[in-house]
Amino acid sequence: MKMRVYSRHILFLVVSAALFMAAATGAKGCTLWAAAGDRVEGGGTLLAKNRDMPPQVSELRIYTPKAGNRFLGLFHVKGAKSFPVAGVNEKGLAIVSATASSIPRAERYATGRGLNEKLLTAFDSVDGLLASPDALSASHPTFYVVADRTKIAVIEIGPKGQVATKTENSGVLFHTNHYLDPKLLWVNERTGRSSQVRLDRIRELLASHAGPLTLEAFTAFSEDTKGGPDDGIWRTGSAPNK
């Protein structure tokens, strides 16, 4: 499934692949990347996510909170419960997130919670979000990539609410499923092969692209299978249980 949302000067693209994965590892294979400023054709920002999950119900809907910003979100639906895994709000702030698969699941969800809904309803810009470290530290261990009309940022949340950020006004950022910031490398208990291969590949694709980046280029990156069925940015699985 591909979603294109134009919000002022932001382009938000989510590519979602329904894949079977090995239950023994539970390894998620999300790849996130973004570009800003001179790296984007016509300026502004581009934000993308390949979402790698088992087949499930997902819904694209507009969410209107009792207070705060409305947003268009891609919602994971599980029975009577649902929550956004990506979204762009009416003020032009976009968010995608990825699982911190380099630490055990029990540790990932021992404290905190996912903040996509809270951040989209509460904040208008990347700068405003980054100026609120207490809000970010309430998250469970995870990774966010965020964008507004002029700036992109990667946010890593550690198991004790530690926050590490990296921003760009004219450049690219990318992430997969393990910690990259030097002060949070100690959190990685196991860096999966797929996460490292996909990280290296999206870095290569972004660096080698001639000229400003476009929606068409981002779409091509999202469909890249060079790493094979288990390690490609677009994962298809080498067996029915993967």
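The values are calculated or read from the model by the stated rules, or taken from the named source; none is laboratory data. These numbers were taken from a predicted model, which means no experiment stands behind them. Don't worry about glycine lacking a Cβ; one is built from the backbone with ideal geometry, like all the others, and counts go over all protein chains shown. The accessibility values were calculated without ligands, DNA or RNA, using every heavy atom of the protein model including side chains. Shrake-Rupley method; radii C 1.70, N 1.55, O 1.52, S 1.80 Å.
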Contact list, first residue from the range 93-118 and under 23 Å from residue 190 (Cβ atoms) and touching a residue at least 24 places away in the same chain (Cβ under 8 Å), second anywhere and assigned to a loop (DSSP other than H, G, I, E, B) and of a type in the set (Asp, Glu), beta-carbon distance below 8 Å, six or more apart or interchain, is 102/189; 103/189; 104/189
Restricting attention to the range 24-48, the residues that are modelled with pLDDT of 50 or more and within 19 Å of residue 237 (Cβ to Cβ) number exactly 5
Exercise for review: Consider residue 235 carefully, then state whether it is crowded, with 21+ Cβ neighbours inside 10 Å and either of a type in the set (Lys, Arg) or under 30 Å from residue 42 (Cα atoms) (or both).
Suggested key: yes
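Starting from residues that are part of a loop (DSSP other than H, G, I, E, B) and open to solvent by less than 50 Å² (accessible area, probe 1.4 Å), keep the ones in the range 163-183 and report whichever is farthest from residue 116 (Cα to Cα).
Step by step, filter the range 163-183, then rank; the result is 181.
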TODO: Can you confirm whether the range 101-124 contains a residue that is more than 21 Å from residue 63 (Cβ to Cβ), at pLDDT 90 or above, assigned to a strand (DSSP E or B) and not charged (D, E, K, R)?
DONE: no
Checked 122, 131, 34 against criteria (surrounded by 24 or more Cβ atoms within 10 Å (Cβ to Cβ) and within 24 Å of residue 148 (Cβ to Cβ)); the one match is 34
Of those in the range 192-218 that are among the aliphatic types (A, V, I, L, M) and open to solvent by 70 Å² or more (accessible area, probe 1.4 Å), the residue farthest from residue 50 (Cα to Cα) is 210
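Conditions (1) more than 21 Å from residue 161 (Cβ to Cβ); (2) out of contact with any Phe, Trp or Tyr (no Cβ under 6 Å at 6 or more places or on another chain); (3) surrounded by 22 or more Cβ atoms within 10 Å (Cβ to Cβ), marked per residue:
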| position | (1), (2), (3) |
| --- | --- |
| 67 | yes, yes, no |
| 75 | yes, yes, no |
| 87 | yes, no, yes |
| 98 | no, no, yes |
With the first residue restricted to the range 70-86 and required to be free of Cβ contacts under 8 Å to residues at least 60 places away in the same chain, and the second required to be surrounded by fewer than 19 Cβ atoms within 10 Å (Cβ to Cβ) and basic (Lys, Arg), Cβ contacts under 8 Å at 6 or more apart or on different chains are 73/61; 75/61
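State yes or no: is residue 60 crowded, with 20+ Cβ neighbours inside 10 Å, among the hydrophobic types (A, V, I, L, M, F, W, C), closer than 15 Å to residue 94 by Cα and modelled with pLDDT of 85 or more?
The answer is no for residue 60.
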Output for Cβ contacts, cut-off 8 Å, separation at least six or different chains, first residue among the small types (Gly, Ala, Ser) in the range 200-227, second in a helix (DSSP H, G or I) and surrounded by fewer than 20 Cβ atoms within 10 Å (Cβ to Cβ), reads 227/197
Subset of the range 39-66, residues touching a residue at least 40 places away in the same chain (Cβ under 8 Å) and not charged (D, E, K, R), comes to 40, 42, 44, 45, 46, 47, 48, 50, 58, 60, 63, 65
If you go through the range 2-23 one residue at a time, do you hit one that is assigned to a strand (DSSP E or B), open to solvent by 10 Å² or more (accessible area, probe 1.4 Å) and modelled with pLDDT of 95 or more?
no
